[in-house]
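The values are calculated or read from the model by the stated rules, or taken from the named source; none is laboratory data. Since we're looking at a predicted model, the values are computed, not measured. All Cβ positions, even for glycine, are placed from backbone atoms using ideal geometry, and neighbour counts span all protein chains on display.
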Amino acid sequence: MAAKDEVGRYGERFAAAWYTERGYEIVARNWRVRAGEIDLIAAGPDVVVFCEVKRRTSGAFGSGAEAVGWRKQQRIRTVARHWLSEQEGWVPQLRFDVAVVDGAGHVEVLEAAF
């Protein structure tokens, strides 16, 4: 596994813990189709959350949230449509979050970021 992948997985573990501590169930990690990947998919009582996780060890390249630009948002929405097409039943509400994890494992989740 590449060092970059290991850094990403580290951040995803902390972000997943943040969601589970708040009563969400992690239903998928690194869900991938040809169009792209979603880091975390979490389900709450009335919502399904598609979360892009960004790990930052420093602020040298800007915040993690700034790294989720318009193109990345469109790609995540496309992948979310693929995931939803495979689900049975009605999903009451959807949300797209960005979780930023720093080098110390502190998680900041920007709910409904886009």
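For the reader, a short list of remarks on this structure follows.
- Filtering 99, 112 for residues that are in a loop (DSSP other than H, G, I, E, B) and at pLDDT 95 or above leaves a single hit, 112.
- Identity of the residue in the stretch 24-46, among the charged types (D, E, K, R) and over 14 Å from residue 75 (Cα atoms), that ends up surrounded by the most Cβ atoms within 10 Å (Cβ to Cβ): 29
- The set of residues from the stretch 67-114 being closer than 20 Å to residue 17 by Cβ and surrounded by fewer than 11 Cβ atoms within 10 Å (Cβ to Cβ) comprises 104, 106.
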